[in-house]
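Peer 1: Take a look at the following structure, please.
The values are calculated or read from the model by the stated rules, or taken from the named source; none is laboratory data. Note that this is a predicted model, so its numbers are computed, not measured. Glycine also receives a Cβ, built like all others from the backbone with ideal geometry; neighbour counts cover every protein chain displayed. Areas reflect the complete protein model, heavy atoms only, side chains present, ligands, DNA and RNA absent. Shrake-Rupley method; radii C 1.70, N 1.55, O 1.52, S 1.80 Å.
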Amino acid sequence: MSFRARRFERGIRAFVALFAVLLCAASAGAGPREQAKRIHDRLVGVPPSAARLDSMTALLSTGQHVDAIAAAQQAMTVPAFYRTALKNFITPWTNVERTVFADLNDYTATVIGIIRDDRPFTDVLTADLVYVGGPGTAPTGYAQEDNIHYEQLETLKVDLGNPARLVPTAQSSLPGSQITPADAAGVITTRAAGMAFFSGGTNRRMFRFTAINYLCRDLEQLKDVSRPADRIRQDVNRSPGGDSAVFHNECIGCHSGMDPMAGAFAFFQWDPDQLRTVFTRNQVQPKHLINANVFPGGYVTVDDRWDNFWREGPMSALGWRAAASGGFGPKSFGEEIVRSRAFSLCQVEKVFEHVCFKPPQTQNDADAIVQIADLFEAPNQNGVSYSMRSVFAEVAVYCMGQ
């Protein structure tokens, strides 16, 4: 048995033991029926039907972890889980304001579809994939220039949990697409992400919000002043306010890691006139070359090369495990993010806070997040690695007695 397999087996045993302890403790204050209702309410946001509550209660009454997970999976078959609970969970990832009060869009719908279909969640930043309404579901089809298709899906209260009503397709095959399968990178190359994160600025915003949403870290938490500055662009002042110490002690901490990573997006731009993301193959968008006179000796972007300088130094603790520490374009960049240990922990942490209504607070909470992240990376009962459905179920069961 490999080291990884032994580690996973130990993690399973530890988690089952932890579950048994928590189940016993929870049982003192809440019986199976109350626990079933709590799982359903927290996952779906609405009370269960009497029949569903009876079925979930029967499963929880066995005291077996596998049956508790099955009860949580039952809750996730309710349409409101996809149309409301998941939509509210994902929507803040899709906009700079991080507000839940935004329309359904191709970014949100694609994440919902990945979770519903139990696809590996690594697809979220790497796949040539977008979810659209099925044939005849909405009066208006997908368009590169507007969001009408998804607004209609929401207005019509389409059941996004129905595989016939929300269907996967290749981004590269959409009408008017400028990208190939090799260019597509999950939600990074959706229209909604382009409007939010490729508009204005210098495309550093796309890196920042990818880190927030999928590594659970903003730039301040990624600062490392020990990294080389040779990929920092010309628009960054090396002596802000006439003091070079500010650059070496502050600015370099973020820019030395962010700028080489953001190079992956050099060919992308949100066009406010066309109202769509524009991809210019082999042509660097002018925004990557602005303010060159601020520091002419800085890095000049010539292609969409990216490099991860954080594989060494303090940020190596994020657990980078992809095959290469550099590449070209957003797809390989997305692969770097999703293969990191930080990505796995981040997804569990987000679900934990969403389902348990609190951030992790105790050592038991911290241990559970690590163990569920181990399960997330390993194949589930359907043979799917990186299953977010499994994460939702495991977290709901962990918190059912709280």
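Peer 1: So who's got an amide H within less than 5 Å of the one on ALA143, skipping anything under 5 residues away but keeping other chains? H placed 1.01 Å off N, in plane.
Peer 2: Those lying under 5 Å, H to H, from ALA143 are HIS149.
Peer 1: Right, here's the next one. With runs of 4+ DSSP H residues as the only contributors, calculate the mean residue ellipticity of the chain at 222 nm using -39,500 (n - 2.57) per run, divided by the residue total and rounded to the nearest 500.
Peer 2: Numbers: 14 runs with 165 residues, N = 402.
Helix contribution divided over all residues of the chain: -12500 deg cm²/dmol.
Peer 1: Between GLU145 and LEU289, what is 0.36 nm times their sequence separation minus the Cα-Cα distance? Round to one decimal in nm. The partial results should precede the final answer.
Peer 2: Numbers: separation 144, 0.36 × 144 = 51.84 nm, distance 2.62 nm.
Extra length available between GLU145 and LEU289 comes to 49.2 nm.
Peer 1: Express the carbon and sulfur contribution to the solvent-accessible surface of the chain as a percent, rounded to the nearest whole number, probe 1.4 angstrom. Before the final figure, lay out each step's value.
Peer 2: Working: 9010 of 16230 Å².
That share works out to 56 percent.
Peer 1: Filter the GluC sites (Glu not before Pro) in segment 309-378 to those in DSSP coil with at most 14 other Cβ atoms within 10 Å of their Cβ, and list the result.
Peer 2: Numbers: sites: GLU312, GLU335, GLU336, GLU349, GLU353, GLU377; in loops: GLU312.
Those satisfying the criteria are GLU312.
Peer 1: Let me ask another. For GLN361, put the label point 7 Å out on the Cα→Cβ axis and report which residues of segment 387-402 keep their amide N under 16 Å from it.
Peer 2: What the label zone holds, given the 16 Å backbone N cut-off, is 399-402.
Peer 1: Now for a different question. Roughly what would the spin-label model give for PHE328 and VAL225, points 7 Å off Cα along C-beta, in nm?
Peer 2: 3.7 nm
Peer 1: Could you compute Rg(Cα) / (2.2 N^0.38 Å) for segment 61-160, with N its residue count? Mind showing how you got there, number by number?
Peer 2: Numbers: Rg = 15.2 Å, N = 100, 2.2 N^0.38 = 12.7 Å.
It is 1.20.
Peer 1: Which whole DSSP H helices in the chain pass both tests: a Cα extent of 24 Å or more along the axis and a mean Kyte-Doolittle value no lower than -0.5? Don't jump to the answer; show the numbers that get you there.
Peer 2: Numbers: long enough: 3-27 (35 Å, 0.86).
Helices passing the filter in the chain: 3-27.
Peer 1: For the chain, set up a GNM with springs between Cα atoms under 10 Å and report which of VAL66, VAL130, VAL158 has the largest fluctuation.
Peer 2: VAL66
Peer 1: In Å², and per residue, what accessible area does the chain have when probed at 1.4 Å with the other protein chains present? Please report the intermediate quantities before stating the final value.
Peer 2: Numbers: 16230 Å² over 402 residues.
Here the per-residue accessible area is 40 Å².
Peer 1: Using a simple spin-label model with points 7 Å from Cα along the Cα→Cβ vector, what separation in nm is obtained for THR280 and ASP54?
Peer 2: Once both label points are built, they end up 6.5 nm from each other.
Peer 1: Name the long-range amide H neighbours of VAL278: under 5 Å, sequence gap of 5 or more, or other chain; modelled H, no Pro or chain starts.
Peer 2: For VAL278, the qualifying residues are GLN269, TRP270, ASP271.
Peer 1: Considering all projection directions equally, how large on average is the shadow of the alpha-carbon convex hull of segment 297-394, in square nanometres? Write down the numbers at each step before the final one.
Peer 2: Numbers: hull surface 34.2 nm².
The directionally averaged projection comes out at 8.6 nm².
Peer 1: Ignoring trypsin sites (Lys or Arg not before Pro) that are buried or in helix or strand per DSSP, and keeping those with at most 11 other beta carbon atoms within 10 Å, what is the longest stretch of the chain between them? Please report the intermediate quantities before stating the final value.
Peer 2: Values: sites that count: LYS157, ARG281.
Answer from the scan: 1-156.
Peer 1: Tell me, what is the percent relative contact order of segment 43-132, built from C-alpha pairs under 8 Å that lie six or more residues apart?
Peer 2: Reported as a whole number, the value is 22 percent.
Peer 1: Once segment 350-402 is represented by equal point scatterers at the alpha-carbon sites, with solvent omitted, what log10 I(q)/I(0) does the Debye formula produce at q = 0.24, 0.30 Å⁻¹?
Peer 2: At q = 0.24, 0.30 Å⁻¹ the computed log10 ratios are -0.89, -1.23.
Peer 1: Once amide H atoms are built 1.01 Å from N in the peptide plane, which residues 5 or more positions from LEU166, or in another chain, come under 5 Å H to H?
Peer 2: The list, which skips near neighbours in sequence, is GLY134.
Peer 1: Quick one: grab Rg to one decimal and Dmax as a whole number for segment 195-310, Cα atoms only, in Å.
Peer 2: 14.2, 43
Peer 1: Give me the log10 of I(q) over I(0) for segment 264-332 at q = 0.13 Å⁻¹, as the Debye formula computes it from C-alpha points; what are the numbers?
Peer 2: -0.52
Peer 1: List the relative contact order of the chain as a percent without decimals, with contacts defined as Cα pairs under 8 Å and 6+ residues apart. Don't skip to the answer; put the middle values down first.
Peer 2: Details: 696 pairs, mean separation 71.3, N = 402.
Once divided by the residue count of the chain, the mean separation gives 18 percent.
Peer 1: Name the residues of segment 298-332 whose amide N is less than 17 Å from a point 7 angstrom out from the Cα of SER239 along the C-beta direction?
Peer 2: Only 298 fall inside the zone, counting backbone N under 17 Å.
Peer 1: How much length, in nm to one decimal, is gained on full extension between ARG341 and GLN64, taken as 0.36 nm per residue of separation minus their Cα-Cα distance?
Peer 2: Working: separation 277, 0.36 × 277 = 99.72 nm, distance 2.90 nm.
Between ARG341 and GLN64, full extension yields 96.8 nm more.
Peer 1: So what are the ³J(HN,Hα) numbers for segment 311-316, from phi and the Karplus equation (6.51, -1.76, 1.60; θ = phi - 60°), rounded to whole Hz, Gly and Pro as x?
Peer 2: 5, 10, x, x, 6, 5
Peer 1: Under the Kirkwood approximation for Rh and a Cα-based Rg, what ratio Rg/Rh is obtained for the chain?
Peer 2: On the way: Rg = 22.4 Å, Rh = 22.4 Å.
So for the chain, dividing Rg by the Kirkwood Rh gives 1.00.
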